[in-house]
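The values are calculated or read from the model by the stated rules, or taken from the named source; none is laboratory data. Owing to the predicted nature of the structure, the values given are computational and were not obtained by experimental measurement. No Cβ is skipped: glycine too gets one built from the backbone with ideal geometry, and neighbour counts run over all protein chains shown.
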Amino acid sequence: MVAVFNKELLSWYLITLKLKETVEAGIPSSQSPTTNRLIEFPEQPQQQQQQKEQQQPSDSLQIVIKDGNERFEEEAKSPESEWVITIREKLEQARQDDVAGSWAKLCIYRVPQCLREGDDKAYIPQTVSLGPYHHGRRRLRNMDRHKWRSLHHMLKRTNQDIKLYLDSIKELEEKARACYEGSVTLGSNEFVEMMVLDGCFVLELFRGAAEGFRQLGYSRNDPIFAMRGSMHSIQRDMIMLENQLPLFILDRLLSLQYGQPEQNWLVAKLAVRFFDPLMPTDEPLTKSDRNRLESSLGYTTTFDPFSDQGSLHCLDVFRRSLLRAGPQPVPRIWIKRWSHSSRVADKRRQQLIHCVTELRESGIKFKRRKTDRFWDIKFKNGILRIPRLLIHDGTKSLFLNLISFEQCHLDCSNDITSYVIFMDNLINSPADVGYLHYCGIIEHWLGSDAEVADLFNRLCQEVVFDINDSYLSRLSEQVNQYYDHKWNAWRASLKHNYFNNPWAIISFFAAVILLLLTFAQTIYGVYSYYRPRT
């Protein structure tokens, strides 16, 4: 736009222009005073107009007189100019998105499309939504009235006003928004309302599981706040990566309920107890077994929220409780010749170890290791000791969300991914699952061994995994060295073919005795021939 604000110069220009129009048209004209009118340049001859259109196809110069203020305006309507402006707007948005520190607090992610191919149900909640990603979904709205009931119960029990919670969470709004990937389209009031409503609902579930729902004022036959069958589906939804609330929001809400300063460990402790039914192991350990295990390993096998207050959300708390702090084996460099960089884990590049059937043929034995840490695998003297793994209908969703979190979050190890890929290597067929089940290593509630094999074979598709960065790389090296030793394979073949049952053992020894007698008879005959009796 071009504007001229010299009022005297503009007046002389208008007088000259009107005189020119009068002479050319031969028609007298009078200027009537108006407060807002538009005067344009007269039309040029056709040839000049065409040249003007070629030079300036869509530009026009206008003089606007409004409220006694005259000014020139040049309107640029070129499509090319609008295109450039659009690109500049996009670059400005990119600059805002790339502000330093904008990714620092990111911890709740949308699962990448490459990981969720054909398995959306494992990542999308089916009963309850928490946070903004699935907020307002039609099939999840039925749970909203129960959320409001939980908020009402909490306020009635604590004799507090809702404004206290809204004002307190309002202070954390910007910090909470920064935890979610991408822009959250909810307005400020709606976002704060969602955080308070969802957060109080989660805390009521946590406290109900620990203290008892009847102690919190809920009836025995409550459709939600009672330990019924629906609780399992709620727990499974609450552990999904896209269905998380920042842990500091829950800490603040719980501190307001108790009227005490924030205690970061308390929510984590309640979360571990609430999600205990989802644990992929049910190995019972006696007190003596636990003490002996702790003394041999040199660290505790129980999750202590006091020792680590850096948890991000409930999924992160659950993952930390699964792994528990302990010594991590240092990966060896031997496996770098297989993978020089992080690659998509296909069946060739993620191969840590051979399958159960092949390992058995080389003489490796499988035994159940008595520990409640399902990932703590040991190998010694040809025996691979694997802790018991419990597989139920929620195991697939649990492992997929844990793997997705490890793939998305930079400050997260790949221990769960390493374990799942290791088990995927061991299990190639239903026969492998059947043998592990026979050894007590795998216990499943699925329909068949084939379903378990298919589950593991599908868990790590399109997962980026560097096998050199696995805590099981050293163990895999030891197993592969044992597997490559030919004598072990021969000895295993001998045992499998001739010592697999008592009758085979008896037949073998009978054949050996017969062979020895035949050999002795031959020696005696030769000896008698050369040294006959006199």
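Results for (1) modelled with pLDDT of 90 or more; (2) out of contact with any strand residue (DSSP E or B) (no Cβ under 8 Å at 6 or more places or on another chain); (3) more than 18 Å from Thr127 (Cβ to Cβ), shown as yes or no for each residue.
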{"position": "Tyr180", "(1), (2), (3)": "yes, no, yes"}
{"position": "Ser188", "(1), (2), (3)": "yes, yes, yes"}
{"position": "Phe191", "(1), (2), (3)": "yes, yes, yes"}
{"position": "Met195", "(1), (2), (3)": "yes, yes, yes"}
{"position": "Asp198", "(1), (2), (3)": "yes, yes, no"}
{"position": "Gly208", "(1), (2), (3)": "yes, yes, no"}
Do the conditions hold for Gly131, that is, is it assigned to a loop (DSSP other than H, G, I, E, B) and either more than 20 Å from Phe274 (Cβ to Cβ) or in contact with a Leu (Cβ under 8 Å, 6 or more places away or on another chain) (or both)? yes
Considering only residues that are touching an Asp or Glu at 6+ places or on another chain (Cβ under 7 Å) and modelled with pLDDT under 90, which ones fall in segment 231-283? Glu262, Asn264, Thr281, Glu283
What are the pairs, 6+ residues apart or on separate chains, where a residue within segment 436-461 that is within 19 Å of Tyr419 (Cα to Cα) and modelled with pLDDT of 90 or more has its Cβ under 6 Å from a residue that is surrounded by fewer than 19 Cβ atoms within 10 Å (Cβ to Cβ) and β-branched (Val, Ile, Thr)? none
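Could you please let me know if Arg236 is surrounded by fewer than 22 Cβ atoms within 10 Å (Cβ to Cβ), under 27 Å from Ile441 (Cα atoms) and not small (Gly, Ala, Ser)?
Values: surrounded by fewer than 22 Cβ atoms within 10 Å (Cβ to Cβ): no; under 27 Å from Ile441 (Cα atoms): yes; not small (Gly, Ala, Ser): yes.
Against the criterion (surrounded by fewer than 22 Cβ atoms within 10 Å (Cβ to Cβ), under 27 Å from Ile441 (Cα atoms) and not small (Gly, Ala, Ser)), Arg236 does not qualify.
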